[in-house]
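Working notes, beginning with the structure itself.
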Amino acid sequence: MTSPAIGIGGEELAALARLAEQIFADRIDPKAAGLEPRYDADLWAVLEEAGLTLLGVPEAAGGTGGGLAASAAVLASAAAHGAPVPLAETDFLAGWLLSDAGLPVPPGPLTATAGELTVVPAADGARVSGRLERVPWGRDAVAVAVLAVAGDGPDTVLVVPGGAVAVEPGANVAREPRDTLLLDDVLITQTAPAPAGARTELELRGALARCVQIAAAAATAVDWTVRYTREREQFGRPIARFQAVQQQLAEAAAESAAAGAAADAAVRIAGADGFATVRAGLAVAIAKAQASAAAGLVARTAHQLHGTIGFTFEHPLRTLTTRLWSWRSECGDEARWNRVAGQAALDAGDQFWHSLTGWS
Amino acid sequence: MTTRLVPPPVALDPALEALRGEVRAFIAAELRASRWRPACDAWLAGWDERFSRELGKRGWLGMTIPAEYGGHGRTTLERYVVIEELVAAGAPVAAHWVADRQAAPALLRHGTHAQRQRYLPRIAAGECYFAIGMSEPGAGSDLAAVRTRADRTDGGWLLTGTKVWTSGAHHAHAFFVLARSAPPDGRDRHVGLSQFIVDLGSPGIHIRPIALLTGEHHFNEVVLDGVFVSDDMVLGEPGSGWAQVTGELAFERSGPERFLTTVPLLAALLGELGRRAASAEHVARIGALAGRLWTLRQLSMSIAASLASGQAQDVPAALVKDLGTRFEGDVIEVTRLLAGVEPDPGAPSGLSRMLADALLHSPGFTLRGGTSEILRGVVARGLGLR
């Protein structure tokens, strides 16, 4: 069970966000993005050196203990720049899962996943077999934090070294690695029983990370579209002057702002409560549903207003929109998460309003 | 870094939950005594002077008016909690609504000491009701096109013109009139506008009902035929009317009433559906509404907190009102489809009646207080597109 980290806030948090922004802005040029984002080891080294990769992990476990809001601020910056590194997977997921299970958190890029594996206890650990599908950055991670879900019996947390798995490459529509990892009777020495509630918390953390990423990418897409429509002239004026353009872009900006507000509120609540409270679960569910819905609208508007040039390989817009299209479906789409909020609303019945004010 | 369009999130002080509990208990007692029925759009249509006075007695009107003027000197967020509970409950707040929500803040910002003394204590008591005299037949979205004239006379002004959509003018005591007191400055029509506090009982005032498509009488046409307004009833400075009016917009547009109008219908739907098994698709559709409502509330609270610290919030307020009023309409559509009932304006009560009432009021949601198109234009300006 995670106890909520208090973490940094205020001016310290703002300074951290500026530092992250500077690192990503200096090192990433969206116009130079290849078709496939390749893991950037140099960027990872800089992030790790600056203490930005394990902000959500307490200092006692090898992290920097900055707290959830700090993790979110840095992740937002990474997402806005399309940083090709498993930051969400390391900070929000693997770092938490391993430290919470009392396992050491290795340095380097990590990833995390849950899956059904055969786990046979052995003298010096466990022998593990099975397939783990769509693991983000699986091929690049030095270790995979795995929540091995048992059909009957308790779940187990494993540290699976990157070298111990066979990789079948896979990708999302942004071509980010989503690999299948195969374990063939691998001896895993670092195992521990999963903390209570780990399965749910892993799901919620994944969803929250994607919320933060989507909100940042959506806001960036809106910014780029504002800039483009002010620069692009047709019919003797910037296309931003046309009301059809203004109305559509204002709508996309509003949806983007709503997704951002929901994500911020969910980070605040989960940061205060941890992930096990009813209101934290609802806040994350709602934020992910809002973000997933906004992602589609923003991507569509950005492409529509950029015209055909935005549809090319050469133009960097694809680095944002393909991520929006990917991330909205990952860690649960809007239908899956809307059902959570919907069931809570139905359970409240005509006392719905009374219940909703408690979801904050 | 990306542009931030809305202020950062806030958490409500847990101490406010005690206040919320008091308001809920009061509402519950009123409902048990069958004083009124929850209704959608009750802040337009629910005129109940007894209810307004009861709120006044409990210190829930004029909450942010300073005590020296009969108010309670409480915070913006305390007031926010009371308002959201009343509107979500579909309570009949129409009588005091304009007075408490718009007239009182305007008097506090631009009024003289005498004007404040004259009106604020009675507004806080729920006994003094106001209407808004802005729109005209030729001036809706284009408010600067108002043609009501204010001509100088001995000791004051004579107002001549016609105002429309003036909700509640047939019941209210006074209204603020936006009129042209001086010519525009070339093409700048914002120059030369003034606001006047006009007693609706004045000689020269002629009020004619304008029925809604339901036949209900809330709107009015108010003809001003040489209505005398003394100098001490000018609100703020002559010529500052435009700045004064637009300065209030963020307060008006960001409030919880801009997305809670149809929450009584949503609650009724959930009460109805809760008893039956719902399909996964329906559960998701409800969840989308609940999630959007939760999000709008987060936005609205953060704007309220930001306004309280004196920051301009025109763009966030416009954005929230646009999303909020769209949500209000979505509630009607989802209710219609999920409940599978026909809207029935003749039903004595229940979901089909509330659905009919909400549906028939729905065109107003996205028109009043700034049409959605205008609001998106405000956001577009905030983005730098115009």
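Out of all the residues in the range B:320-327, is one or more in contact with a Leu (Cβ under 9 Å, 6 or more places away or on another chain), under 21 Å from B:E281 (Cβ atoms) and modelled with pLDDT of 95 or more? Spell out how you get there, then give the answer.
Residues of the range B:320-327 in contact with a Leu (Cβ under 9 Å, 6 or more places away or on another chain): B:320-325, B:327.
This time we only want the ones that are under 21 Å from B:E281 (Cβ atoms), so: B:327.
Checking the rest, the ones that are also modelled with pLDDT of 95 or more come to B:327.
The answer is yes, given that some residue of the range B:320-327 is in contact with a Leu (Cβ under 9 Å, 6 or more places away or on another chain), under 21 Å from B:E281 (Cβ atoms) and modelled with pLDDT of 95 or more.
When the residues of the range A:332-360 are filtered to those that are under 21 Å from B:Q298 (Cβ atoms) and assigned to a loop (DSSP other than H, G, I, E, B), which remaining residue is farthest from the other protein chains (Cβ to nearest Cβ)?
A:G332
Scanning for something under 18 Å from B:G291 (Cα atoms), of a type in the set (D, E, K, R) and buried (at least 18 other Cβ atoms within 10 Å of the Cβ), does the range A:288-295 turn up at least one residue? Give the derivation first.
Narrowing the range A:288-295 to residues under 18 Å from B:G291 (Cα atoms): A:288-295.
Those left that are additionally of a type in the set (D, E, K, R): A:288.
When the remaining residues are screened for being buried (at least 18 other Cβ atoms within 10 Å of the Cβ), the result is A:288.
Yes, there is a match, as at least one residue in the range A:288-295 is under 18 Å from B:G291 (Cα atoms), of a type in the set (D, E, K, R) and buried (at least 18 other Cβ atoms within 10 Å of the Cβ).
Can you tell me which of (1) within 8 Å of another protein chain (Cβ to nearest Cβ); (2) among the polar types (S, T, N, Q); (3) touching a residue at least 40 places away in the same chain (Cβ under 8 Å) is the one A:T301 doesn't meet?
(1)
For the condition at positive phi, among the small types (G, A, S) and free of Cβ contacts under 8 Å to residues at least 12 places away in the same chain, what is the one hit in B:G239, B:G274, B:G310? Steps first, please.
Details: B:G239 fails: free of Cβ contacts under 8 Å to residues at least 12 places away in the same chain; B:G274 fails: at positive phi.
The match here is B:G310.
Considering every residue within the range A:252-260, establish whether at least one is more than 9 Å from chain B (Cβ to nearest Cβ), assigned to a helix (DSSP H, G or I) and out of contact with any His (no Cβ under 9 Å at 6 or more places or on another chain). Working first, answer last.
As a first pass, look at the range A:252-260 and keep what is more than 9 Å from chain B (Cβ to nearest Cβ): A:252.
Filter again for assigned to a helix (DSSP H, G or I), leaving A:252.
Subsequent filtering for residues that are out of contact with any His (no Cβ under 9 Å at 6 or more places or on another chain) retains A:252.
Yes; the residues of the range A:252-260 include at least one that is more than 9 Å from chain B (Cβ to nearest Cβ), assigned to a helix (DSSP H, G or I) and out of contact with any His (no Cβ under 9 Å at 6 or more places or on another chain).
Looking only at the range B:105-154, which residues are surrounded by 22 or more Cβ atoms within 10 Å (Cβ to Cβ), in contact with a helix residue (DSSP H, G or I) (Cβ under 7 Å, 6 or more places away or on another chain) and either of a type in the set (V, I, T) or assigned to a strand (DSSP E or B) (or both)?
If the condition is that a residue be surrounded by 22 or more Cβ atoms within 10 Å (Cβ to Cβ), in contact with a helix residue (DSSP H, G or I) (Cβ under 7 Å, 6 or more places away or on another chain) and either of a type in the set (V, I, T) or assigned to a strand (DSSP E or B) (or both), then B:I123, B:F130, B:A131, B:I132 are the ones that fit.
I'd like to check which helices (runs of 4 or more DSSP H) are fully inside the range B:1-87 and have at least 3 residues that are touching a helix residue (DSSP H, G or I) at 6+ places or on another chain (Cβ under 9 Å), aliphatic (A, V, I, L, M) and at negative phi. Spell out the reasoning first.
Numbers: elements: B:16-32, B:42-45, B:49-57.
In the range B:1-87, the matching helices (runs of 4 or more DSSP H) lie at B:16-32, B:42-45.
Sort through A:L87, A:L75, A:L55 and tell me the only one that's over 24 Å from A:L320 (Cα atoms) and either touching a residue at least 24 places away in the same chain (Cβ under 8 Å) or within 13 Å of the chain's Cα centre (by Cα) (or both). Outline the logic, then answer.
Numbers: A:L87 fails: over 24 Å from A:L320 (Cα atoms); A:L75 fails: over 24 Å from A:L320 (Cα atoms).
Residue meeting the stated conditions: A:L55.
Any chance the range A:137-146 includes a residue that's buried (at least 21 other Cβ atoms within 10 Å of the Cβ), without any contact (Cβ under 8 Å) to a residue 40 or more places away in the chain and assigned to a strand (DSSP E or B)? Break it down stepwise before answering.
Of all residues in the range A:137-146, those buried (at least 21 other Cβ atoms within 10 Å of the Cβ) come to A:137-138, A:140-141, A:143-146.
From what is left, the residues that are without any contact (Cβ under 8 Å) to a residue 40 or more places away in the chain are A:146.
Now drop any that are not assigned to a strand (DSSP E or B), which leaves A:146.
Yes, the range A:137-146 contains a residue that is buried (at least 21 other Cβ atoms within 10 Å of the Cβ), without any contact (Cβ under 8 Å) to a residue 40 or more places away in the chain and assigned to a strand (DSSP E or B).
Of all residues in the range B:213-249, which are surrounded by 24 or more Cβ atoms within 10 Å (Cβ to Cβ) and either within 14 Å of another protein chain (Cβ to nearest Cβ) or of a type in the set (G, A, S) (or both)?
Listed by number, the list holds a single entry, B:G241.
Can you find even one residue in the range B:317-328 that is surrounded by 19 or more Cβ atoms within 10 Å (Cβ to Cβ) and more than 13 Å from every other protein chain (Cβ to nearest Cβ)? I'd like the intermediate steps shown before the answer.
Filtering the range B:317-328 for residues surrounded by 19 or more Cβ atoms within 10 Å (Cβ to Cβ) gives B:317-325, B:327-328.
Restricting the remaining residues to those that are more than 13 Å from every other protein chain (Cβ to nearest Cβ) gives B:328.
Among the residues of the range B:317-328, at least one is surrounded by 19 or more Cβ atoms within 10 Å (Cβ to Cβ) and more than 13 Å from every other protein chain (Cβ to nearest Cβ), which makes the answer yes.
Only residues that are within 14 Å of another protein chain (Cβ to nearest Cβ) and outside any helix (DSSP H, G or I): list them for the range B:340-386, please.
Initially, the range B:340-386 is screened for residues within 14 Å of another protein chain (Cβ to nearest Cβ), giving B:349-351, B:354, B:366, B:370-386.
Correct list: B:S349, B:G350, B:T366, B:G370, B:T371, B:G384, B:L385, B:R386.
Checking the structure you have, find out if any residue of the range A:254-272 is in contact (Cβ under 8 Å) with a residue 40 or more places away in the chain, surrounded by fewer than 24 Cβ atoms within 10 Å (Cβ to Cβ) and aliphatic (A, V, I, L, M).
Scanning the range A:254-272 turns up at least one residue that is in contact (Cβ under 8 Å) with a residue 40 or more places away in the chain, surrounded by fewer than 24 Cβ atoms within 10 Å (Cβ to Cβ) and aliphatic (A, V, I, L, M).
Please enumerate the residues belonging to the range A:288-329 that are out of contact with any Gly (no Cβ under 8 Å at 6 or more places or on another chain), closer than 28 Å to A:L93 by Cβ and either outside any helix (DSSP H, G or I) or of a type in the set (A, V, I, L, M, F, W, C) (or both).
Correct list: A:A291, A:A293, A:A294, A:A295, A:L297, A:V298, A:A299, A:P316, A:W327, A:S329.
Does B:G168 satisfy being surrounded by fewer than 22 Cβ atoms within 10 Å (Cβ to Cβ) and under 23 Å from B:L108 (Cα atoms)? Walk me through how you get there before you give the answer.
Values: surrounded by fewer than 22 Cβ atoms within 10 Å (Cβ to Cβ): no; under 23 Å from B:L108 (Cα atoms): yes.
No.
May I ask you to verify whether B:V222 is within 20 Å of B:Q102 (Cα to Cα), touching a strand residue (DSSP E or B) at 6+ places or on another chain (Cβ under 6 Å) and aliphatic (A, V, I, L, M)? Lay out the reasoning, then the answer.
Working: within 20 Å of B:Q102 (Cα to Cα): yes; touching a strand residue (DSSP E or B) at 6+ places or on another chain (Cβ under 6 Å): yes; aliphatic (A, V, I, L, M): yes.
So B:V222 fits the description; yes.
Test of understanding: among A:A79, A:A112, which residue is touching a helix residue (DSSP H, G or I) at 6+ places or on another chain (Cβ under 6 Å), assigned to a strand (DSSP E or B) and not β-branched (V, I, T)?
Numbers: A:A79 fails: assigned to a strand (DSSP E or B).
Just a single option satisfies the conditions, and that option is A:A112.
Of all residues in the range B:88-101, which are within 17 Å of B:G56 (Cβ to Cβ) and part of a helix (DSSP H, G or I)? Can you show your working first?
First, the residues of the range B:88-101 that are within 17 Å of B:G56 (Cβ to Cβ): B:91-101.
Of everything in the range B:88-101, those that are within 17 Å of B:G56 (Cβ to Cβ) and part of a helix (DSSP H, G or I) turn out to be B:A94, B:A95, B:H96, B:W97, B:V98, B:A99, B:D100, B:R101.
With respect to A:G307, is the statement that it is surrounded by fewer than 24 Cβ atoms within 10 Å (Cβ to Cβ), on the phi > 0 side of the Ramachandran plot and touching a Lys or Arg at 6+ places or on another chain (Cβ under 9 Å) true? Show your work before the answer.
Values: surrounded by fewer than 24 Cβ atoms within 10 Å (Cβ to Cβ): yes; on the phi > 0 side of the Ramachandran plot: yes; touching a Lys or Arg at 6+ places or on another chain (Cβ under 9 Å): yes.
Here the answer is yes, as A:G307 does meet what is asked.
Report whether or not A:A285 is crowded, with 23+ Cβ neighbours inside 10 Å, more than 7 Å from every other protein chain (Cβ to nearest Cβ) and in contact with a helix residue (DSSP H, G or I) (Cβ under 7 Å, 6 or more places away or on another chain).
Details: crowded, with 23+ Cβ neighbours inside 10 Å: yes; more than 7 Å from every other protein chain (Cβ to nearest Cβ): yes; in contact with a helix residue (DSSP H, G or I) (Cβ under 7 Å, 6 or more places away or on another chain): yes.
For A:A285, the condition - crowded, with 23+ Cβ neighbours inside 10 Å, more than 7 Å from every other protein chain (Cβ to nearest Cβ) and in contact with a helix residue (DSSP H, G or I) (Cβ under 7 Å, 6 or more places away or on another chain) - is met.
Considering only the range A:161-207, how many residues are of a type in the set (A, V, I, L, M, F, W, C), under 18 Å from A:T118 (Cα atoms) and either assigned to a loop (DSSP other than H, G, I, E, B) or out of contact with any strand residue (DSSP E or B) (no Cβ under 7 Å at 6 or more places or on another chain) (or both)?
Matching residues across the range A:161-207 total 2.
The values are calculated or read from the model by the stated rules, or taken from the named source; none is laboratory data. This one's a predicted model, so the numbers in the text were calculated from it and none came from an experiment. We place every Cβ from the backbone using ideal geometry, glycine too, and count neighbours over all the protein chains shown.
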